Amino acid sequence: MQYISTRGGTIGHYSDILVEGLAPNGGLAVPERMPQIGGDLERWRSLSYSELATEVIGLFATEIPRDDLARLCRAAYDPAKYASDRAVPLTDIGDGMTLVGLSEGPTLAFKDMAMQFLGEALEYVLATLGDVLNVLGATSGDTGSAAEHALRGRDRISVFMLSPQGRMSPFQRAQMYSLHDDNIHNIAVEGVFDDCQHLVKSLAEDLAFKREHHIGAVNSINFGRISAQIVYYVWAWLRVTDDVPAEKRDGFEVSFAVPSGNFGNILSGLYARLMGLPVRKLVLATNENNVLDEFFRTGRYRPRSAADTLATSSPSMDVSRASNLERFVFDLLGRDPERTAAAWAALAAEGEFDLSSEQERFADEFGIVSGTSSHQDRLDTIRAFAKSNGVVLDPHTADGAKVARDHVEPGVPMLVLETAKPEKFSDTISEALGSPVEPDAETQALLDAPQRVTKLPNDERRLRDLIEELALR
Ligand SMILES: *Cc1c(COP(=O)(O)O)cnc(C)c1O
């Protein structure tokens, strides 16, 4: 399988795009054609999560020998790493909805599901090439911890993760700063998340520096992550249809509700659908930062500046420029790189683009519908499910469940993706339920563990010096 850029041209194979989702011409890497599941679904029913991952990811990573890929997936989805022995459990939460438990991994957020695989795959590819990688990233919480827990202690990889000093939750801080592995460098920048991102961007744009120091990223446009996320859509469909009489399984439709920010998670759902998984609707939920909801309702894409992005109680969805949207637009526009490039040229020139002439196709052809949830909706939803089912949803998952409600149809299971555990966002849970989620022994030990972090002023020179000193070579 070859990978092409959404703005034209061939990039390479799966191994080539693991380190860099961005093509040299500014486009994103996508498979040259979407592989098809075909008759494989029933054959996959008896597989464990890691075996299913081998099958699904194998459709994209065609050049990695099957035995090697199976070994990487066994390590990534080793049940010992997940709180549930099935890795991804499904729980009926009433009102026609089922919770898909994607947050059973080491950092209690769905990002573990892809990052654990990416960690294995990167180490493997680098060993094959005899190369090293210094991962440079910025985080406001979940991405950084998932990346560090997936990459800690690995050969040939080190991590430089910038976070805004004093602006993460105690839990998120503990998850990152309690890691003492030699290859993990936590850097607390005097500034906000945008300052961190800006520093990363200016270094990443210095191509000579980047090449000299083997710098790469594991951010949400990384295609390795997108491909690994497809697995749990297939898994969830298989588990739901386990309870459906065999003669009705073929083509049995389910819908998914996806709390969204950078459009990475739901893009994987869209790819599963394009590969032939019987998905009826993909329900995109945003918080008050509802640029994507506006786009899916009107066809007009008007991203906001960082300054106009609100800090909400579902912080991992505080995104106003969805980095993966270009991959959807590419498929929408008949995989035409010129039309895709034209949309992004308009965006650069005018700050927006208008696809309202195509808007009806968003739902009709691609199944995507959308909605917005507010702080009050989150609190109400957390309260309602705690009362009716005793299930405590995290604030992001609550956004998903709130928007999902408007799209539940009789006879079509609505699968709500649980993107984090409530323990991570204890303040909002307290506000909703009157008491925080009591930390279990493990969480308390994490909060009490000694922390290590390097403080840095918001100064590009100082960051360069640090990387020059500590980077693998
Ligand atoms: C990252 C994240 C999201 C948003 O996912 P995207 O792939 O960026 O759309 C939602 N909820 C939580 C808890 C997250 O960490």
Task: region 245-263, residues that are out of contact with any Leu (no Cβ under 6 Å at 6 or more places or on another chain) and either assigned to a loop (DSSP other than H, G, I, E, B) or crowded, with 24+ Cβ neighbours inside 10 Å (or both) - done: Pro245, Asp250, Gly251, Phe252, Glu253, Ala257, Pro259, Gly261, Asn262
- [ ] Among the residues of region 295-336, write down those that are acidic (Asp, Glu) and either surrounded by 21 or more Cβ atoms within 10 Å (Cβ to Cβ) or more than 24 Å from Met34 (Cα to Cα) (or both).
- [x] Asp308, Asp318, Glu326
TODO: Please give the number of the condition Asn389 fails out of (1) touching a strand residue (DSSP E or B) at 6+ places or on another chain (Cβ under 7 Å); (2) over 21 Å from Arg273 (Cα atoms); (3) modelled with pLDDT of 95 or more; (4) not acidic (Asp, Glu).
DONE: (3)
Open item on the list: Quick test of your reading of the structure: Ala257 fulfils all but one of (1) within 16 Å of the ligand (Cβ to nearest atom); (2) touching a helix residue (DSSP H, G or I) at 6+ places or on another chain (Cβ under 8 Å); (3) modelled with pLDDT under 95. Name the failing condition by number.
Closed with: (3)
Open item on the list: Whether any residue in region 119-142 is within 15 Å of the ligand (Cβ to nearest atom), buried (at least 21 other Cβ atoms within 10 Å of the Cβ), assigned to a helix (DSSP H, G or I) and without any contact (Cβ under 8 Å) to a residue 60 or more places away in the chain is what I want to check.
Closed with: no
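Filter region 211-220 for residues that are within 26 Å of Asp112 (Cα to Cα) and more than 22 Å from the chain's Cα centre (by Cα) and give the result.
Of everything in region 211-220, just one residue is within 26 Å of Asp112 (Cα to Cα) and more than 22 Å from the chain's Cα centre (by Cα), namely His214.
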Task: Members of region 441-455 found to be touching a His at 6+ places or on another chain (Cβ under 9 Å) and in a strand (DSSP E or B), listed by number - done: Thr454
Task: Per-region count, region 387-431, residues within 13 Å of the ligand (Cβ to nearest atom) and under 16 Å from Ala109 (Cβ atoms) - done: 19
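Yes/no matrix, rows are residues, columns are (1) surrounded by fewer than 21 Cβ atoms within 10 Å (Cβ to Cβ); (2) within 16 Å of the ligand (Cβ to nearest atom); (3) modelled with pLDDT under 90; (4) outside any strand (DSSP E or B):
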site: Leu162; (1), (2), (3), (4): no, no, no, no
site: Gly191; (1), (2), (3), (4): yes, no, yes, yes
site: Val218; (1), (2), (3), (4): no, yes, no, yes
site: Trp235; (1), (2), (3), (4): no, no, no, yes
site: Asp243; (1), (2), (3), (4): yes, no, no, yes
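The values are calculated or read from the model by the stated rules, or taken from the named source; none is laboratory data. Worth saying up front: this structure is predicted, and the values here are computed from it rather than measured. In this analysis, Cβ positions are derived from the backbone assuming ideal geometry, glycine residues included, and neighbour counts consider all displayed protein chains.
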